[in-house]
Amino acid sequence: MTPPTPSAAAPLEVTDESVVKSPTPTTNKGSESRSPGRLAWKRFKRDRAGVISACIVLFFFVIALAAPLIAKLYGKDPYTTYASQRPELLDAFSYPAGPNGGMSSEFWFGIEPQLGRDVFTFLLYGIRTSLGIAVAATLLTALLGIVIGITAGYLGGKTDYFVGRVIDILLSFPSTLFFIAFMPVIYGLFVAPDENIPTWLRAVSLIIVLAGFGWASLARLLRGQVLGLREREFVEAAKVTGASPRRIVFKELLPNLWTPIIIQSTLMLPAFVTAEAGLAFLGVGMIDPTPDWGVMIQRGAQFYTEDITFMLFPGLSMVLFVLAFNLLGDSVRDALDPKSKR
């Protein structure tokens, strides 16, 4: 008697557990779409030098904003000549009587030769003045560069030609020499020669002059970017759909220009800090008794052979800030560059 053969239609029973089952669709977290901003932030956080520089820059801005509060808690101000109230603070040659420029628990950074002002509070307010002027000049410069550069690149033709020649002329000027020659002219437009120039007018004039000659490089960069973008498919599609020039600029062009704008702005601000300090040092910017980095260095240069502390603190702080901001600008550029390998 032969055993029964299985029917062809009968299902086979699978008992081997090693048979590979069909994979179920899974979500790959690494392939999740991320915005360019998040990718840039992730790259920036991996840059240790950039993070440290950002902390230093943030520290300086906090110091600048909180200068009045810190001075109030400290108990002194940058304008009082403490040596006139207490002559024992200075020696017979009008230099600080104490060691290291008169540094003590009462005067943390010492006192100024001759006048006896507190160096610590003078430095705090000097940082506030210099950074305030530099930030305002940077914002105004960026605004002018964005408007003029995008307008020239988008309109083209005679407008582009005219703006291009103006940019060439501005970039050909020796800016430092022109600042020195032009600042008295601006002051003379608002104040008579025999009158004192108000501090606010000096600050506003510095901002206008720095921005008036600083926008050209940013405008040239954005003009070139817009000339390439306006021929792209998405801009042509927007024109075909009847989008207005304003919508094309703000919705199509400007979002693609934020990277060069941010990078150029991070490079302009430290340049304006040094330019403002240099003009103050030469006597055509902020002047004594207004606290300012350049004013402190200019005053300290008169006494550095006998007392270097008054020049040391503003010099070191300005170098540290400019260096940190330049490193921050490099890190921001690398973070915003998708092809960066850092």
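The values are calculated or read from the model by the stated rules, or taken from the named source; none is laboratory data. What you are looking at is a predicted structure, and each value in this text was computed from that prediction instead of being measured. Methodologically, a virtual Cβ is constructed for each residue, glycine included, from the backbone with ideal geometry; neighbour enumeration extends over all protein chains shown. Just the protein is used for accessible areas: all its heavy atoms, side chains included, with ligands, DNA and RNA removed. Shrake-Rupley method; radii C 1.70, N 1.55, O 1.52, S 1.80 Å.
A few remarks follow.
- Of the residues in the stretch 232-244, not one is in a loop (DSSP other than H, G, I, E, B), acidic (D, E), at negative phi and open to solvent by 70 Å² or more (accessible area, probe 1.4 Å).
- Inter-residue pairs, beta-carbon under 8 Å, first under 21 Å from A219 (Cβ atoms) and at pLDDT 80 or above and in the stretch 171-196, second in a helix (DSSP H, G or I) and of a type in the set (S, T, Y), 6+ apart: L171/S217
- Residue among V204, V209 that alone is within 17 Å of A136 (Cα to Cα) and open to solvent by 30 Å² or more (accessible area, probe 1.4 Å): V204
- Some residue of the stretch 165-176 being open to solvent by less than 50 Å² (accessible area, probe 1.4 Å), polar (S, T, N, Q) and closer than 19 Å to A280 by Cβ: no
- Residues (aliphatic (A, V, I, L, M) and in contact with a Pro (Cβ under 8 Å, 6 or more places away or on another chain)) located in the stretch 87-133: L89, L90, I111, L123, L124
- Pairs where the first residue, in the stretch 100-117, is in contact (Cβ under 8 Å) with a residue 40 or more places away in the chain and the second is basic (K, R) and open to solvent by 60 Å² or more (accessible area, probe 1.4 Å), C-beta under 7 Å, 6+ apart: none
- Condition met for I207 (of a type in the set (A, V, I, L, M), touching a residue at least 12 places away in the same chain (Cβ under 8 Å) and in contact with a Lys or Arg (Cβ under 9 Å, 6 or more places away or on another chain)): no
- In this entry, I148 passes the filter for residues that are out of contact with any Gly (no Cβ under 8 Å at 6 or more places or on another chain), β-branched (V, I, T) and open to solvent by less than 60 Å² (accessible area, probe 1.4 Å).
- Residue within the stretch 177-199 that is charged (D, E, K, R) and exposed (fewer than 13 other Cβ atoms within 10 Å of the Cβ) present: yes
- Of the residues L279, L320, L267, L253, the single one that is farther than 30 Å from P99 by Cα, open to solvent by 30 Å² or more (accessible area, probe 1.4 Å) and touching a residue at least 40 places away in the same chain (Cβ under 8 Å) is L267.
- Helices (runs of 4 or more DSSP H) (entirely within the stretch 257-336) containing at least 2 residues that are within 14 Å of the chain's Cα centre (by Cα) and either of a type outside the set (G, A, S) or over 19 Å from A64 (Cβ atoms) (or both): 258-282, 309-336
Okay, residues lined up against (1) part of a loop (DSSP other than H, G, I, E, B); (2) surrounded by fewer than 20 Cβ atoms within 10 Å (Cβ to Cβ); (3) more than 31 Å from the chain's Cα centre (by Cα):
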| residue | (1), (2), (3) |
| --- | --- |
| V51 | no, yes, no |
| F59 | no, yes, no |
| A64 | no, yes, no |
| E88 | no, yes, yes |
| G101 | no, no, yes |
| S104 | yes, yes, yes |
| P113 | yes, no, yes |
| G116 | yes, no, yes |
| F122 | no, no, no |
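- Breaking point among (1) open to solvent by 30 Å² or more (accessible area, probe 1.4 Å); (2) closer than 20 Å to L269 by Cβ, for M311: (2)
- Taking helices (runs of 4 or more DSSP H) as the structural unit, those lying wholly within the stretch 134-214 and holding at least 2 residues that are under 25 Å from L229 (Cα atoms) correspond to 157-172.
So that you can scan it fast, the table gives a plain yes or no per residue for (1) over 15 Å from F310 (Cα atoms); (2) at pLDDT 85 or above:
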residue	(1), (2)
W41	yes, no
D47	yes, no
Y74	yes, yes
P99	no, no
E106	yes, yes
T138	yes, yes
I146	yes, yes
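- Verdict on S94 being open to solvent by 10 Å² or more (accessible area, probe 1.4 Å), assigned to a loop (DSSP other than H, G, I, E, B) and either aromatic (F, W, Y) or free of Cβ contacts under 8 Å to residues at least 40 places away in the same chain (or both): yes
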